[in-house]
Amino acid sequence: MRVLVIEDDLEHADFIQRVLGDAGHQVETVADGQGGLSKARAIEYDALVVDRMLPEKPGLVMMKEFRNGGGKTPALFLSALSDVDNRVEGLRAGADDYLAKPFAPEELIARVEALGRRQPQDEAPVTKLTVGDLEMDLLSRRVERNGQRIDLQPREFKLLEFLMRHAGQTVTRTMLLEKVWNYHFDPQTNVIDVHISRLRAKIDKEFDRQLLQTVRGAGYCLQA
Amino acid sequence: MRSGRFAFVRTTTFRLALVYAVLFALFSAGLISYLFQATVVSIRAEAKSQLEAELRTLAIARQTGGAVRLEQSLIERALVRVRDFTYQFETATGERIVGDMPGMPVEAPDEVGEVRVVHFELEMPQVDGSPIITPIEGRIVRMEDGTVLLVGIEMDQRLRIVGQITRAVATAAPIGILLALLGGFFSARYAARRAETLTTITDAVMSGDLTQRVPVVGSGDEFDRLAEQLNAMLARIENLISATRHAGDAIAHDLRSPLSRLRNRIEGALIGPIDEVTARETLGITVEEIDHILLTFDGILRLSRLSAGAEGKLARLNLSDLASEISELFEPACEDAGLLFSEAIADRVHVMGDKTLLAQALSNVLDNAVKYSPPGGQIVLKLKAQSGRASLSVADTGPGIPVEDRTRVIERFVRLDDARTKQGSGLGLSLVDAVADLHSGTLSLQSGDGDSENPGLKVIMSLPAMD
């Protein structure tokens, strides 16, 4: 993926560049809002990583102008402010995701990669998700693996749906809590892990091939 | 009010008293003149018209029944002695036919039919029999047959009452004015003194002594209420400042020790040759430690923002839904830890709340319950709505918290000795408390559902409920 990082703290920008670079992405950095805006308009990136506090043009303003000008590139806000209010503000300005500093490198990679998948799709809405021999019918809400029916609780269904939509991609625990449970807080304990292991028991236990993998230090990945 | 014995003269109270005194004087003068106008004048007019009416009645009696009938009427009137009339009826030659007086006190007009207005004095017996000289206003008339009729009305009795009232008001007014001034003087001095106390206390507070409190004298007046408010404000400020100081100490302690540990580890690694394996290991641990420090910082930041009221947006929130969702989130983790989880959540309990903060608070409490309850125990989450309060409680079967420590654990960074082995920042319950506070609610700790060995802990958050 081609990623543009707009961040004025050079050391931090360097860190992000290395983290994303190591994960196999092409990263360019700009240190101010105005420059970032021009660059994001000139070149079609796969994702933008924007710091909220920027010289010349604050991140919020930059983001609004970019969206108003028709820019569609998915964007992630980085900020030291972690309030829900700030998060909502950021999302309203046109960002697709929001990550509070400090963050784990894996969290940043997972979220940036999730953004890349969010490219606008023109096709008809998906009604069926497939990962290997695992199939999910979104209309009848049936889940089958290798033709074998799997019964899921509503929350397990949502959890699996999210994982299947992001198949092949690492999703973090925080992402799951945000997207599946719709809560933005730090649960401290391993509550999400337990839900995952229950889901795993249902979809993977009786099969040789394990689809739901744990990514050490980062989160989970559903992969055929 | 810093100088001068008569400084109170400048106080609002005294000025008001002065204004009232002047107003009272004006009012009294007005009252007196009104009384005079309204009563004296109208009593006179009334007496005159009564007098003339009486004269007319008698004239008619004479016209219809002659002197005999008039005489009859006069005798009857003398017997009954209605009103304050006095009569004298004499022949043309001055002989008395009927009358209270030995003779006509004034000379009768010569011309027949002429009514003359006369004033004279008459000695009249009082109720106790002693005579009193009374001024009389009368009408005297000579009839066609030459007889003379005098009808008089006594004015004094009526005017005396007016005079008494007027004198009473005239005497009372200066006394009232004096009293108003005295009252103003004393209340002004009282107000000045109490204001002086306030000034002294606020001076002391401004110079840094936050333990000062304004005395409440128990009069229950506005000064007492002001004093109570001020004291409450001072207590709150003192609390906040001591909390800040305490937090400062705690930050110093809780962040300084991991930072020094970190420093020592890095310095230790720098001694001697560095091989890649140990270097990686050291760096890995370093990152973990720093993450923990950052987490603690985050916690402190959130707490201060919460306590300052800078975080959280309250809106109508279905607490039942939130409790169910968080229960659902935690239930598997409880079972995984070998704990029996059960819930009793009342439907449709609404509060003015911040979803994220309440979720975080409930999650902190559940997290503690899972962490400290030994396997085989149980966790019970309850939500009730009762008399305007929504009560959200989590009871566990862990070791509990001794009664004497319950207030302390809510403070920032306080971790009881047994808890030091477990992971945590010591900010969990402080955050719950701050969240409860932000929602105008309370946090209380009780014994839980355990046995004598593990009494358990019950954490109750009580918030004002909405309809």
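The values are calculated or read from the model by the stated rules, or taken from the named source; none is laboratory data. Please read these numbers as outputs of a predicted model, since none were measured by experiment. Reconstructed Cβ throughout: ideal geometry from the backbone, glycine too, with neighbour counts over all protein chains shown.
Is it the case, given these coordinates, that A:Val61 is aliphatic (A, V, I, L, M), touching a strand residue (DSSP E or B) at 6+ places or on another chain (Cβ under 9 Å) and farther than 13 Å from A:Ala75 by Cβ? So A:Val61 fails the test. Mind checking which residues of region A:1-58 are of a type outside the set (A, V, I, L, M, F, W, C) and part of a strand (DSSP E or B)? Those that are of a type outside the set (A, V, I, L, M, F, W, C) and part of a strand (DSSP E or B): A:Arg2, A:Gln26, A:Glu28, A:Thr29, A:Asp51. When region A:178-191 is limited to residues that are more than 8 Å from every other protein chain (Cβ to nearest Cβ) and over 12 Å from the mean Cα position of the chain (by Cα), the one that is modelled with the highest pLDDT turns out to be A:Val180. Checked against (1) more than 14 Å from chain A (Cβ to nearest Cβ); (2) closer than 22 Å to B:Leu314 by Cα; (3) at pLDDT 90 or above, B:Ser363 passes all but a single condition, namely (1).
If you check A:Met164, A:Met175, which single one turns out to be in contact (Cβ under 8 Å) with a residue 12 or more places away in the chain, more than 14 Å from every other protein chain (Cβ to nearest Cβ) and in contact with a Ser or Thr (Cβ under 9 Å, 6 or more places away or on another chain)? Exactly one residue qualifies, and that residue is A:Met164.
Here A:Pro154 clears all of (1) within 15 Å of B:Glu328 (Cα to Cα); (2) buried (at least 17 other Cβ atoms within 10 Å of the Cβ); (3) not acidic (Asp, Glu) except the condition numbered (2). Somewhere in region B:285-299, is a residue touching a Gly at 6+ places or on another chain (Cβ under 9 Å), within 14 Å of chain A (Cβ to nearest Cβ) and assigned to a helix (DSSP H, G or I)? Scanning region B:285-299 turns up at least one residue that is touching a Gly at 6+ places or on another chain (Cβ under 9 Å), within 14 Å of chain A (Cβ to nearest Cβ) and assigned to a helix (DSSP H, G or I). Looking only at residues that are more than 10 Å from chain A (Cβ to nearest Cβ) and more than 39 Å from the chain's Cα centre (by Cα) in region B:300-323, which one is farthest from B:Ala385 (Cα to Cα)? The qualifying residue farthest from B:Ala385 (Cα to Cα) is B:Ile300.
Taking the criterion of being basic (Lys, Arg) and either within 60 Å of the chain's Cα centre (by Cα) or within 16 Å of B:Ala92 (Cβ to Cβ) (or both), the only residue of region B:117-147 that qualifies is B:Arg142. Being β-branched (Val, Ile, Thr) and either within 14 Å of chain B (Cβ to nearest Cβ) or free of Cβ contacts under 8 Å to residues at least 60 places away in the same chain (or both) is the filter here, so list the residues in region A:192-212 that pass it. A:Ile192, A:Val194, A:Ile196 - these are the residues of region A:192-212 that are β-branched (Val, Ile, Thr) and either within 14 Å of chain B (Cβ to nearest Cβ) or free of Cβ contacts under 8 Å to residues at least 60 places away in the same chain (or both). The criterion of at least 1 residues that are among the polar types (S, T, N, Q) is met by the following strands (runs of 3 or more DSSP E) wholly inside region A:115-224: A:128-131, A:148-150, A:170-172, A:212-215. Taken residue by residue, region B:256-267 has no member that is within 13 Å of chain A (Cβ to nearest Cβ) and out of contact with any Leu (no Cβ under 6 Å at 6 or more places or on another chain). On the given criteria, is B:Ala310 in a helix (DSSP H, G or I) and either at pLDDT below 85 or not β-branched (Val, Ile, Thr) (or both)? Here the answer is no, as B:Ala310 does not meet what is asked.
Considering B:Asp249, B:Asp298, the condition of being surrounded by 13 or more Cβ atoms within 10 Å (Cβ to Cβ), at pLDDT below 80 and either touching a His at 6+ places or on another chain (Cβ under 6 Å) or not aromatic (Phe, Trp, Tyr) (or both) is satisfied by B:Asp298 alone. When region B:329-348 is filtered for residues that are surrounded by fewer than 19 Cβ atoms within 10 Å (Cβ to Cβ), closer than 18 Å to B:Ala395 by Cβ and within 12 Å of chain A (Cβ to nearest Cβ), only B:Glu335 remains. Just one of the listed residues (A:Leu48, A:Leu4) is farther than 17 Å from A:Leu91 by Cα and at pLDDT 90 or above, namely A:Leu4.
Table: residues versus (1) closer than 14 Å to B:Leu51 by Cβ; (2) touching a Leu at 6+ places or on another chain (Cβ under 6 Å); (3) modelled with pLDDT of 75 or more; (4) β-branched (Val, Ile, Thr).
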position	(1), (2), (3), (4)
B:Gly129	no, no, no, no
B:Ile136	yes, yes, yes, yes
B:Glu144	no, no, yes, no
B:Val151	yes, yes, yes, yes
B:Gln164	no, no, yes, no
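Before we move on, is B:Ile326 aliphatic (A, V, I, L, M), at the interface with chain A (Cβ under 9 Å from one of its Cβ atoms), without any contact (Cβ under 8 Å) to a residue 60 or more places away in the chain and under 20 Å from B:Lys384 (Cβ atoms)?
Against the criterion (aliphatic (A, V, I, L, M), at the interface with chain A (Cβ under 9 Å from one of its Cβ atoms), without any contact (Cβ under 8 Å) to a residue 60 or more places away in the chain and under 20 Å from B:Lys384 (Cβ atoms)), B:Ile326 qualifies.
Does at least one position in region B:78-93 carry a residue that is touching a residue at least 24 places away in the same chain (Cβ under 8 Å), part of a helix (DSSP H, G or I) and not small (Gly, Ala, Ser)? No; the residues of region B:78-93 include none that is touching a residue at least 24 places away in the same chain (Cβ under 8 Å), part of a helix (DSSP H, G or I) and not small (Gly, Ala, Ser).
For region B:368-409, filtered to residues that are acidic (Asp, Glu) and surrounded by fewer than 22 Cβ atoms within 10 Å (Cβ to Cβ), the residue that is nearest to the other protein chains (Cβ to nearest Cβ) is B:Asp405.
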